[in-house]
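Encoded as structure tokens, the structure appears first; notes follow it.
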Amino acid sequence: MRAMEVIEPGQDRKVAALRSSFHVHFFVYGGNMNTTFFNIAFEEAENAFNNNEVPIGAVIVKDGEIIAKAYNNKEKDKCSISHAEINAIVDASKKLDNWRLDDCDIYVTLDPCPMCASAIKQARIKNVYSALKNKDNNNFKLIEEIFKKDTVNPSVNLFSNLDMERSKKLLNSFFNKQRNN
Ligand SMILES: [Zn+2]
């Protein structure tokens, strides 16, 4: 299985599916990616938008059930680490009463930053389903390194660009709104 696969903008999903056997499995058989969880991640991102925060949402799922959902609230918290993913990990850990989020997946509306990627890995989250690859290529290189298996932690699978247009539209409308204020 190739863990780090991204569909490039404009690339046909079927073509991408043929590129790796995993994608054949993932897209043709549906894999474990669930549209409903993405919808809820986007609802969270919209909550952030409505609070004048950069609109990013995250949902953590275990055994097909949502155990945490959160959005970026850095401005409200006046805290640099209050990213959607960190907020969701904190909630999920409280809920499971365990820092180990074994067998959990996270749905995010944008690729995690390196800080959140590290937290995801430390939490032992297995799969990251992301709507959009970060436009900063360096971000991708960094998180790719972080998600690799190391001597302590297992690797994390990242599947990105799964709902690009929706994420781009939301982010663009946020930054347009900021510019016009
Ligand atoms: Zn982050």
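Computed quantities for the displayed model
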| quantity | calculated |
| --- | --- |
| Residues of the stretch 149-172 with amide N under 18 Å of the 7 Å Cα→Cβ point at Glu46 | 163-172 |
| Spacing of the two label points (7 Å from each Cα toward its C-beta) at Asn181 and Asn138, in nm | 2.7 |
| Set of aspartates and glutamates near Lys169 by C-alpha distance (under 18 Å), chain-local residues within fewer than 8 positions excluded | Glu8, Glu43, Glu44, Glu46, Glu53, Asp111, Asp136 |
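Quick note: the coordinates plus some simple rules give every number you see, no bench work behind them. This one's a predicted model, so the numbers in the text were calculated from it and none came from an experiment. So basically every Cβ, Gly included, is an ideal-geometry build from the backbone, and we count neighbours across all protein chains shown.
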